[in-house]
Amino acid sequence: MKKTMISLAILVAGIGQLYAQQEINFGDFSRPVPSVSSLATYANTPISNATGLPDISFPLLGLPTYNSGMSLNAGLSYNPMNVSESEPASQVGAGWSLFAGAVISRSIEYDIDEMYDDASRPYYYKNGFDDIYYYNLPGISGKFKFKRNLDTNTFELVNLSSNKIKIEYTRSSNTATLILESFTITDVKGIKYYFNDYSRSNRQQQLESTGGKLYKSAFFLTQIKDANNIELAQFSYQKDTKYKNNNTTVLYETCKLKTISSPGFGKIEFAYVYDSSKENTMNDPYQIQKVTLKDNYNHLISGYSFEYTGSKRTLIKLKKLDKNEAVSETTEFEYGDYSAATPSYGMTPAALCDQWWYTAPPPPVRSILKKVITPAKGVIEYTFESNQFYKNRNEPNYVNSILSGDRFIDPVVQYINTFRELQYNTKQAANYTFTISGTQPKKYTLSLEWMNCFLPRHIGIPTLLLLSGM
């Protein structure tokens, strides 16, 4: 016998995004580029004793330039804020970021700003812009956003950090919205950073029937010039395009740093391995296998290779290479499991299906860096514990998201309220009616959850269908 229960619930004030477990598309995530989006953490929560985040970094390679005040460096940095279950492992492992060159990444707030790019469409309107852009330059990091004047259809770039830099951008000829093409950032020394390349992602959530919406997900540094317009560096990228289900729909387009070249001095090269088994998982499917430094005549000087393990990519060894590519020293990394506390939402309505065997899922276990074993076999140990964080609930974007009633973003002030439960037999046809009570214009979002229960006790898999209305 098979028994199935349907539960109807209203999320008071909002409902969260639902990600299908069988398919992962980073283009639907708020931070859509696995190996560069995590750099935003360094701007939001700087490394310092005050924030409780130690500086765990490893300089790798460096190149001089014609400007004595600038060198081109590549290095690794570890941040425990980037190891949650919702954060994909980067190209150098979970929690680790590669700092090389520069990038402007973005955080998608609710939907991509440039969604409404065709004024002839029936659903078109001039939407306000709320996405946040994060820039990471050598020694400088910060963020900015665009402010749209709906009356004049003009845009203003607003620097949200205190850095004294000039940010310029170019846009397409599309007047329906702002479609960005490139950026130029100038620092206080007059050095210009040109971001003329980009990666692309596909926003498929709620747009599956149209093949999704392809958008520029990050902008990458291509050239550096000094105040006298003399070129200091060039950057080249490995571009790969992946298609959905082997058809013509672009799922994403990578922009992986391939070389950093300093005219007259040499270059740094990055070698990647594509792992198809990491597709559709919480991993960047590309991993860095080796980073090498070569002179102006393409002779190898030194380098590093990387060793990983785990279904979620984990960096366990960093090996230094000599000019013959032989390993001269090894740094090892060990990790410890840390159970993060999770908010309690109470028992879901579906748990009433054979409630007596239902148990809530355990808190997620995160693998946090515990030890660094140096080449000389010295050991550095780290102990991380739970922390509190501040959330400004007066911030307009936060308030608007709560009042809109279509997202579940904060369990402290939002909750799910069950209003009806139904049992049905899959062999019998039946129609059910229900009424959602409320006061207009307050918005309620309906969550339909069903669970299959088998006898004897086999745990079913709950599924949600979200319906929204006034």
Efficiency of FRET between S48 and E279 - r from beta-carbon atoms, R0 45 angstrom, step 0.05
0.80
Using a 1.4 Å probe, what is the accessible area per residue for the range 235-331, in Å²?
48 Å²
Enumerate the amide H contacts of A102 below 5 Å, restricted to partners 5 or more residues apart or on another chain; note that Pro and chain-start residues carry no placed amide H.
L221
Estimate the FRET efficiency between K126 and N392 by the formula 1/(1 + (r/R0)^6), using the beta-carbon distance for r and 30 Å for R0, to the nearest 0.05.
0.65
Could you let me know the centre-to-centre spacing of the range 73-120 and the range 259-305, using Cα atoms, in angstrom?
19 Å
Can you tell me the length gained on complete extension of the stretch T152 to T248, counting 0.36 nm per residue apart and subtracting the Cα distance?
30.8 nm
Fully extended contour minus Cα-Cα distance, from D322 to F58, at 0.36 nm per residue
93.3 nm
What percentages make up the Cα-Cα pair-distance distribution of the range 266-329 when the bins are 10 Å wide from 0?
21, 43, 25, 10, 0
Karplus ³J(HN,Hα) for the range 234-245 (6.51 cos²θ - 1.76 cosθ + 1.60, θ = phi - 60°; Hz, whole; x = Gly/Pro) runs 10, 10, 10, 9, 8, 10, 10, 10, 10, 10, 7, 6
Taking only protein heavy atoms into account and a 1.4 Å probe, give the accessible area per residue of the range 32-135 in Å².
36 Å²
Please compute the volume of the convex hull spanned by the alpha-carbon atoms of the range 153-212 and report it per residue in Å³.
140 Å³
Can you work out the Karplus-derived ³J(HN,Hα) for every residue in the range 166-178? Use 6.51 cos²θ - 1.76 cosθ + 1.60 with θ = phi - 60°, whole Hz, and x for glycine or proline.
10, 10, 10, 8, 10, 10, 6, 7, 5, 9, 5, 7, 9
Apply the Karplus curve 6.51 cos²θ - 1.76 cosθ + 1.60, θ = phi - 60°, to the phi angles in the range 27-36 and return the couplings in whole Hz, x for Gly and Pro.
x, 8, 7, 5, 10, x, 10, x, 8, 10
Taking placed amide H atoms and a strict 5 Å upper bound, the residues 5 or more places from N283 or on another chain that come that close are A89
Just the number, please: Stokes-Einstein D of the range 173-318 in µm²/s, Kirkwood Rh from C-alpha pairs, 4 °C, 1.567 mPa s.
72 µm²/s
If I model a spin label as a point 7 Å beyond the Cα along the Cα-Cβ vector, how far apart are those points for Q289 and T241 in nm?
2.5 nm
Carbon-plus-sulfur fraction of the accessible area of the range 120-267, 1.4 Å probe, in percent?
46 percent
Go ahead and run the numbers for FRET between H299 and I436, Cβ-Cβ distance against an R0 of 60 Å, rounding to 0.05.
0.25
Starting from the amide H of S182, placed 1.01 Å from N in the peptide plane, find each other amide H under 5 Å away whose residue is 5 or more places distant or on another chain.
T170
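The values are calculated or read from the model by the stated rules, or taken from the named source; none is laboratory data. Small disclaimer: the values here were computed from a predicted structure and weren't measured. As a convention, Cβ positions derive from the backbone with ideal geometry for all residues, glycine included, and neighbour counts pool all protein chains shown. Only protein heavy atoms, including side chains, enter the accessible area calculation; ligands, DNA and RNA are left aside. Shrake-Rupley method; radii C 1.70, N 1.55, O 1.52, S 1.80 Å.
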